[in-house]
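Visitor: Take a look at the following structure, please.
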Amino acid sequence: MAKFKWSPLVLSLLLLTGCWDQRQFKNVKLVLAAGIDAADEGQVESTVVITNVQSSSEGPGTEQTQIISAAGHSPLNTRTNIDQKISKRYDQSKLHVLLLGEELAKQDIYPSLDMFYRDPKSNLHAQLAVVGGKVKDALSLSVSGEPRISEYITGMLTGERRSTHLPNTNIQLICSELLEHGQDFVLPYLVVNQEESVLEYRGLALFSGQSYSGRYLPAEKAVLFLLMKGIRGADAQMTRKIGGDDHPDVNDFITVDVKEIHRKLSFDTKGSLPKVEMKLKMEADVLEYPPNHLQSAKKINELEKRIEKDLTKEAKEIIGLLQETNSDAFGLGRRLQAYHPKVWKKLNWNEEYADIEIDPTITFEIQSHGITN
């Protein structure tokens, strides 16, 4: 009986095939950050950041960085040209961030992403951003205290997402919005500050279809925009002017943290063009308000009405910019298509979106004003 006891184990070992498709790190160069720029004569130029760790017999190894660029007819063609400049082959399966140059983004960006969607080894969770100017300048930055540019950029984008300045955007998440009619998207817009040797988050790049419109929503309006989309990060702080003249001081501003949001969208399809009513209720805590006076219910009500008026005005400005750039970043077309398909079929959304009436109404309620009045 003892010899039969081991038979299943022996048979299972014979059936194991091993890791036939294994890729050892010693045979590749890992790319953690990459970017694509528009180049001359219709070509594109890719820039990659390769991290090399040199082993040492005395303690931990040292890390060195290579920044390589190459032009080509397509992003995959540039990859081949980069391989001809480095030892081994570069591998982008661990890519953390992909940057798109502003001029490239103004064209159709799908061809620049096509190879990522086709390659099963691609990291589709890599974060995306548009860079004002050249990607090569952004990836060549040496930021004090940041050993890797990839970690610096991903850390920045993660922080902006937690503070409700960014939606969760990566290569995978924008795929459906790239291909679906009636829904546009936004990406973080970054610029290089050469004087301080840092990247700065300037706002949200507005896309129309598969191309960057050339306009971005300023960072100070990004929080309200995302709240209007029904998105809230770990916190959602807004500082707004609520008093004073043309020469304001610190006493003329209030800072709040929006804790709860309730959004409702409705369509009126009786006319030749649909009308959209957007209602947004906010519940917030006061974080900073030097004048105080918040012990009075009357003062609180006056403050709420003032903030409601200012936020509603700002919401209309945001909607105006979206319609001016033909960017349906609220996904109104997709919603209309789902709930009013007969109306949708009669419309040429790309041409008529800019003319529809979108009416925002914001209700603001102060929940807490801190431990002092």
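Visitor: Filter segment 145-156 down to the residues that are open to solvent by 10 Å² or more (accessible area, probe 1.4 Å), assigned to a helix (DSSP H, G or I) and of a type outside the set (A, V, I, L, M) and list them by number.
Guide: Scanning segment 145-156 gives GLU151, TYR152, THR154, GLY155.
Visitor: Further question: Considering only residues that are open to solvent by less than 40 Å² (accessible area, probe 1.4 Å) and more than 18 Å from LYS279 (Cα to Cα), which ones fall in segment 344-373?
Guide: TRP344, LEU347, TRP349, TYR353
Visitor: Is there a residue in segment 330-338 that is without any contact (Cβ under 8 Å) to a residue 60 or more places away in the chain and closer than 30 Å to LYS106 by Cα?
Guide: So far as segment 330-338 goes, yes, one or more of its residues are without any contact (Cβ under 8 Å) to a residue 60 or more places away in the chain and closer than 30 Å to LYS106 by Cα.
Visitor: For the list (1) at pLDDT 95 or above; (2) under 21 Å from GLY230 (Cα atoms); (3) surrounded by fewer than 19 Cβ atoms within 10 Å (Cβ to Cβ), I need the number of the one condition that GLU324 fails.
Guide: Going through the list (1) at pLDDT 95 or above; (2) under 21 Å from GLY230 (Cα atoms); (3) surrounded by fewer than 19 Cβ atoms within 10 Å (Cβ to Cβ), GLU324 breaks only (2).
Visitor: Go through segment 238-285 and give me each residue that's open to solvent by 60 Å² or more (accessible area, probe 1.4 Å), in contact with a Ser or Thr (Cβ under 8 Å, 6 or more places away or on another chain) and closer than 17 Å to GLU304 by Cβ.
Guide: THR239, PHE253, LYS279, LYS281, listed by residue number.
Visitor: Here's a check for you: in segment 303-321, which residue that is β-branched (Val, Ile, Thr) and over 16 Å from LEU273 (Cβ atoms) is most open to solvent (accessible area, probe 1.4 Å)?
Guide: Residue satisfying both the conditions and the ranking: THR312.
For every residue, the table says whether it meets (1) buried (at least 17 other Cβ atoms within 10 Å of the Cβ); (2) farther than 29 Å from ASN326 by Cα.
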| residue | (1), (2) |
| --- | --- |
| ARG89 | no, yes |
| GLU102 | yes, no |
| ASP108 | no, no |
| ARG118 | no, yes |
| VAL135 | yes, no |
| THR158 | no, no |
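Visitor: Let me ask another. I'm trying to understand the selection: among the residues of segment 160-190, which are open to solvent by 30 Å² or more (accessible area, probe 1.4 Å) and either farther than 15 Å from VAL97 by Cα or not in a loop (DSSP other than H, G, I, E, B) (or both)?
Guide: Within segment 160-190, GLU160, ARG161, ARG162, HIS165, CYS175, SER176, GLU177, LEU179, GLU180, HIS181 meet the criteria.
The values are calculated or read from the model by the stated rules, or taken from the named source; none is laboratory data. Model, not experiment: these values are computed from the prediction. Every residue, glycine as well, gets a Cβ built from its backbone with ideal geometry; the counts of neighbours run over all protein chains shown. Ligands, DNA and RNA are excluded from the accessible area calculation, which covers all protein heavy atoms including side chains. Shrake-Rupley method; radii C 1.70, N 1.55, O 1.52, S 1.80 Å.
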